[in-house]
Amino acid sequence: MKLVVISAGLSSPSSTRLLADRLAAATLRHMDADPEVIELRDLATEIAQHFVTGFPPARLAAALDAVAAADGLVAVTPVFAASYSGLFKSFFDIIDKDAFTGKPVLVGATGGTARHSLVTEHALRPLFGYLRALVVPTAVYAASQDWGEEGLAQRIARAGAELARFMAPAAREAAPDVDTASAIAPRSLTGAITSVHPAAGLEVVPFEQRLAALRAE
């Protein structure tokens with residue numbers, strides 16, 4: 001399995017890269033995968049050249065190939081003007097439109113204020129939905145004041161466990177010692193999320209049967 005981590009942070013050190021690393025670490029706690037980090041700031045010139053010439057330089061071509069070959073992605077951007085950064089969008093503009101079809105993606109974003117926390121829902125999720133990627137349920141936004149808070153750590157843990165599950169559905173069977181119960185909501189026998197774990201042994205009554213019982217009354 002191969003996990004590719006994409007960070008669009010511009011500074012060094014970068015809170016965007018820090019969030020990307022933590023999301024990758026949370027994912028790798030639940031599965032074995034080879035991680036590869038792509039720093040978009042190192043490819044900014046090559047991305048611009050590609051737009052002008054139509055041909056990716058060697059480093060950019062290697063990054064594009066890595067994304068296409070990945071079994072799952074972590075993609076994190078800083079917030080610029082209430083959305084993803086131009087560098088982040090430019091990178092995904094030059095990737096083949098079919099490279100993301102069915103590929104699990106964990107999205108994240110960083111910003112200076114909590115007021116941008118919905119950027120993952122109104123910008124990132126639609127972008128990867130358009131690319132036909134499989135975006136995991138939990139997206140992670142980290143404002144400046146979130147670092148060191150328990151809530152951020154919990155969201156990172158939950159998101160990482162979800163990505164691992166989407167990348168390798170059999171991971172829990174292969175590694176029964178891995179406990180993801182605290183990070184992933186239990187599911188019913190049909191796969192639907194439920195508040196009751198199937199191990200509880202409760203009987204699942206089909207909805208049609210319940211309706212028939214009401215008519216009989």
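The values are calculated or read from the model by the stated rules, or taken from the named source; none is laboratory data. Only a predicted model underlies this, so the values are computations on that prediction, with no experimental measurement involved. Positions of Cβ are backbone-derived with ideal geometry, glycine not excepted, and every protein chain shown enters the neighbour counts. Just so you know, the surface numbers come from the protein's heavy atoms only, side chains and all, with ligands and any DNA or RNA stripped out. Shrake-Rupley method; radii C 1.70, N 1.55, O 1.52, S 1.80 Å.
The Cα atoms of segment 51-141 give a gyration tensor whose axes a ≥ b ≥ c have a/c of 1.5 or more with a/b no greater than b/c, which makes the shape oblate.
Residues 74, 37, sorted by accessible area with the largest first, give 37, 74 [1.4 Å probe; ligands and nucleic acids excluded].
Each Lys or Arg adds one and each Asp or Glu subtracts one; over the other residues with Cβ under 9 Å from the Cβ of residue 37, this totals -2. Per-residue surface analysis assigns residue 29 an accessible area of about 150 Å², computed on protein heavy atoms at 1.4 Å probe radius.
Let a ≥ b ≥ c be the square roots of the eigenvalues of the Cα gyration tensor of segment 129-171; is it rounded (a/c under 1.5), or, if not, prolate (a/b larger than b/c) or oblate? Judged from the Cα gyration tensor, segment 129-171 comes out oblate (a/c at least 1.5, b/c at or above a/b). Grab the other residues whose beta carbon is less than 15 angstrom from that of residue 9, score K and R as +1, D and E as -1, and report the net. Spelling it out: positives minus negatives among the neighbours equals +1. Remark: accessible surface ordering of 7, 144, 90, 117 (largest first) is 144, 117, 90, 7, probe radius 1.4 Å. With contacts taken as Cα pairs under 8 Å and at least 6 residues apart, segment 20-146 reaches a relative contact order of 23 percent.
Residue 122 contributes an accessible area of around 110 Å² to the protein surface, as traced by a 1.4 Å probe with all chains present. Between residue 101 and residue 207, the FRET efficiency from the beta-carbon distance, with R0 = 41 Å, is close to 0.80.
Would you tell me the accessible area of residue 89, worked out with a 1.4 angstrom probe on the heavy atoms of the protein chains, in Å² to the nearest 10? Rounded to the nearest 10, that gives 60 Å².
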